Amino acid sequence: MTRPIPTTSEELLMAYAAGRLNTMESLLAATLLSVNAAARQQLALYEAQGGHVLDEEEPSDLCHSCLESVLQRIDDQPVRAVPTPCPDMPGVPEPLCTLLRECMTPDSLCWKAVSPGMECLPLTVDCAGPQQLFLMKLAPHESAPSHRHDGTEITLVLEGYYTDTLGRHEAGSMCIITDNRIAHSPRAGDKGCLCLVLTAQPLRYRVIRQRFFTIFRR
Amino acid sequence: MVYASDTIPFPLAPPPCACLKNSMAPGATQNDTKNGSSLPPEELLVRIGKDKDRKAFVALFSHYAPRIKSFLLKYGMDEAQAEEIVQNVFVTVWEKAEKYDPQKAAASTWLFTIARNKRIDAMRKDKFITFDSDMISNTVPAPEKETYAETVTVEKLSKAIDSLPKEQAALLRMSFFEDKPHSEIAEETNLPLGTVKSRLRLALNKLRNFMKREDT
């Protein structure tokens, strides 16, 4: 059973605050939060609501040994290991580095050329369902092939900027496309562009559609 | 830092931090001064962080552990599992209290985020990555005009939520406990999806406006 991806940043952050996102959506939200202060402010409000919910709870009885066990555990606590720095990935924010460090094998960290000037690094983890998460790198002034979406597409710009039919998207901004009639072809600015992309369904490139129509007409 | 004592009424001696407006731990009684439990939970957390104060830790546990357990039980887990997560929450509180900043979040908010993350950890086998303030790389600063205090005080928020129409407050609450998208909440409440979304948006806008108004 698949659950739809949130379609607004508000829905995404509320669901994040409530702990309702899946692994990939949460990773996207965490990355947005790491680069965008306005998103952090929004989250602060939602999480404060969570705190309010907690304050309103009627206390439940705990078993007698509960506190003792906790005190025992804090006495026995080992010193925590300091996380190692991120592998060679300039411009990649920390939540993603955590994923790259802890969940991916070096073999799976492999950029794949999609079209001239465009490379993708698949980050799909916990892959139940058709959702896909990937890093997308566009070389300066290069465009991604024009494509449509069968479902929601969320793009978070990490470095540089890109422009498409909807305008210019700067680093730190997030663009959510829910209208499957929109076909777009993001074009990177003069310094190239690095984005984190989550799609509800694999993308359909327009080229393929056109070919399909050509065959159909014959 | 001097904190408001529970004998001084708030209007005469405003506490230095907005978060400490609750001059007493919620639920603490006037006579309950042993173990520092009459202190606000924010102060207890600060003491745990700075001095590894066990008395403060026990006081915080006594107040919040039973509430966190109730909170977890609402997600349909059994007693034993809920208590195990409560223990994990408080081990993390001990470990991370140093990072708690009373200027940024109320104690209940901070504890809520830990409880939420521990619940997710317990439910999943794979690594679940959540945001941590260490991870800030500040690419985009907050728009200045839209800022409301980063600190959303317990008191202010309670007031704001109390000011909401009942059906809006209920939907907000529901969106915390139900592992469901808005479409399913709509089915359950027999409301059209558009209504669920617009009520939630209304509720959030009201909360936001309330926060802004109180700030100025």
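The values are calculated or read from the model by the stated rules, or taken from the named source; none is laboratory data. Worth saying up front: this structure is predicted, and the values here are computed from it rather than measured. Cβ sites come from the backbone with ideal geometry, for glycine too, and all protein chains shown count toward neighbours.
A few remarks follow.
- Of everything in region A:62-76 that is at the interface with another protein chain (Cβ under 7 Å from one of its Cβ atoms) and not aliphatic (A, V, I, L, M), the residue that is surrounded by the fewest Cβ atoms within 10 Å (Cβ to Cβ) is A:Cys63.
- Unique match (being at pLDDT 90 or above, within 8 Å of chain B (Cβ to nearest Cβ), in a helix (DSSP H, G or I) and over 15 Å from B:Arg119 (Cβ atoms)) among A:Ala44, A:Ala30: A:Ala30
- Neighbours by Cβ (under 9 Å, 6+ apart or cross-chain): first from region A:42-62, closer than 16 Å to B:Tyr75 by Cβ; second not in a helix (DSSP H, G or I): A:Gly50/A:Gly19; A:Glu57/B:Lys74
- Of the residues making up region B:87-111, those that are facing chain A (nearest Cβ under 9 Å), within 18 Å of A:His52 (Cα to Cα) and either without any contact (Cβ under 8 Å) to a residue 24 or more places away in the chain or polar (S, T, N, Q) (or both) are B:Ser108, B:Thr109.
- Residue ID - farthest from A:Glu94 (Cα to Cα), chosen from residues in region A:150-176 that are β-branched (Val, Ile, Thr) and modelled with pLDDT of 90 or more: A:Thr163
- Looking only at region A:178-188, and only at residues there that are buried (at least 19 other Cβ atoms within 10 Å of the Cβ) and at pLDDT 85 or above, the one that is nearest to A:Ala144 (Cα to Cα): A:Pro186
- Residue within region A:206-216 that is assigned to a strand (DSSP E or B) and either at pLDDT 90 or above or of a type in the set (A, V, I, L, M) (or both) present: no
- Residue list for region A:158-188, filter: out of contact with any Ser or Thr (no Cβ under 8 Å at 6 or more places or on another chain), among the basic types (Lys, Arg) and in a strand (DSSP E or B): A:Arg168
- Filter result for B:Ile129 (more than 8 Å from chain A (Cβ to nearest Cβ) and at pLDDT 65 or above): no
- In region B:191-216, the residues that are at pLDDT below 80 form Cβ pairs under 6 Å with partners that are not in a helix (DSSP H, G or I), at six or more places apart or across chains, as follows: B:Met211/B:Tyr148; B:Lys212/B:Tyr148; B:Asp215/B:Tyr148; B:Asp215/B:Ala149.
- Top-ranked residue of region A:9-27 - restricted to ones that are more than 7 Å from every other protein chain (Cβ to nearest Cβ) and not in a helix (DSSP H, G or I), ranked as farthest from B:Lys74 (Cα to Cα): A:Asn22
- Residue match in region B:145-159 (condition: at pLDDT 75 or above and farther than 30 Å from A:Thr98 by Cβ): yes
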